[in-house]
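Working notes, structure below.
The values are calculated or read from the model by the stated rules, or taken from the named source; none is laboratory data. Keep in mind it's a predicted model, so treat the numbers as computed, not measured. So basically every Cβ, Gly included, is an ideal-geometry build from the backbone, and we count neighbours across all protein chains shown.
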Amino acid sequence: MNCNIVKYFLGIDGGGTKTEFLLTDTSGKEIARLFSGASNPVSTGIENTLLTLNSGIKQICNKIDFSEISVFAGIAGAKAQENQKRINSLLSGFGFASYGCGSDIEIALEAALKGEDGTAVIMGTGIVAYTQSDEKFYRTGGRGYLIDKGGSGFHLGSDALNSAFEFIDGRGGSETILKLVENKLGKSLEESVAEIYGGGASYIASFAPVVFEAYSLGDTSASDIIDRNAYEAAKIINAAIKNSNGKIVICGGLCSQKEILLPFLMKYTKDDALPTFLDEPVVNGAILLARRAEKC
């Protein structure tokens, strides 16, 4: 930490689908905002993470002296020791006034709970709940798309693709979902299998909005998909809140579907659980942590 006079704060929210960069002045006024590709080193590899961060930082901080900036990067998958070491090494090379690196969970907690006890549920490409209570922290879920069973963008997208293929095969499924999937692909689903497998978890998650669009069109298969994923998400929420009586805040990419999601979640969450949705970007939590890191 250089402890130079800080004039700007840079927050970074890196996940399995996108990375958001937000630059503000010390009053909180937005100077610039930038979106880039995925930066979770577990799914993209640490070298790709470093490239994304390096490019994004240089672009958003254009013509600003790095020594006047305090930065915090909350990156999914960054807490693995070697990953965090490599990211910190990258950040240290810019000459920032101060810098910090943690997980996306840390910035979600900061944005959602503002230091209070409670549970933050991240529903993005993946799903995880993190609870803080009496200065203790508890994790529920978040073991990745190969282990977790639902409640994430990946699982919704996977279910959409499965439903589309089921309709093609005559095994049920949804014609509406098939049409929406092929509209997104710009070609037939049968021709896209290699592309789908090559795209990884974040690409599968990009099909999640198809489910909600089909639901809005009255599609019953879409309703079933949302219901199943809400059930799995509620199991994580119900387990997480055993550790705290605080508020429950849902954040992540699926917040954009809160009007549809909430009634489904309420079917399965405990009677005393009242989830709310974060009404601000998670990257704001990174800005708050950058402010904290700036203090010498």
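Details
- When segment 260-279 is filtered for residues that are modelled with pLDDT of 90 or more, within 13 Å of ALA111 (Cα to Cα) and assigned to a loop (DSSP other than H, G, I, E, B), only LEU278 remains.
- Flag for ILE226 being more than 25 Å from CYS101 (Cα to Cα), out of contact with any helix residue (DSSP H, G or I) (no Cβ under 7 Å at 6 or more places or on another chain) and not in a loop (DSSP other than H, G, I, E, B): no
- Elements of type strands (runs of 3 or more DSSP E) contained in segment 1-59, each with 2 or more residues being of a type in the set (D, E, K, R), out of contact with any Asp or Glu (no Cβ under 7 Å at 6 or more places or on another chain) and crowded, with 16+ Cβ neighbours inside 10 Å: none
- Matching residues in segment 86-121 - criterion: being crowded, with 24+ Cβ neighbours inside 10 Å, closer than 23 Å to ILE46 by Cα and touching a Ser or Thr at 6+ places or on another chain (Cβ under 9 Å): ILE87, PHE96, TYR99
- For segment 87-118, residues that are assigned to a helix (DSSP H, G or I) and not polar (S, T, N, Q) total 13.
- Considered as a group, the residues in segment 236-288 that are of a type in the set (Ser, Thr, Tyr) and surrounded by fewer than 18 Cβ atoms within 10 Å (Cβ to Cβ) include one that is nearest to ASP224 (Cα to Cα), and that residue is TYR268.
- For segment 62-86, a tally of residues being of a type outside the set (D, E, K, R) and over 19 Å from ILE122 (Cβ atoms) returns 8.
- Pairs with Cβ under 8 Å, 6+ apart, first in segment 240-255 and assigned to a loop (DSSP other than H, G, I, E, B), second of a type in the set (Asp, Glu): SER244/ASP117; ASN245/ASP117; GLY246/GLU116; GLY246/ASP117
- Any hit, segment 136-151, residues being touching a residue at least 60 places away in the same chain (Cβ under 8 Å), among the aromatic types (Phe, Trp, Tyr) and under 26 Å from ASP272 (Cβ atoms): yes
- Matching residues, segment 60-84, being in contact with a Lys or Arg (Cβ under 9 Å, 6 or more places away or on another chain) and surrounded by fewer than 23 Cβ atoms within 10 Å (Cβ to Cβ): ILE60, ILE64, ASP65, GLU68
- Members of segment 169-189 that are in a helix (DSSP H, G or I), in contact with a helix residue (DSSP H, G or I) (Cβ under 7 Å, 6 or more places away or on another chain) and without any contact (Cβ under 8 Å) to a residue 24 or more places away in the chain: GLU175, LEU178, LEU185
- Within segment 185-212, considering residues that are within 24 Å of the chain's Cα centre (by Cα) and exposed (fewer than 14 other Cβ atoms within 10 Å of the Cβ), the one farthest from PRO41 (Cα to Cα): GLU195
- Residues in segment 143-190 that are β-branched (Val, Ile, Thr) and over 30 Å from LYS79 (Cα atoms): ILE168, THR176, ILE177, VAL181.
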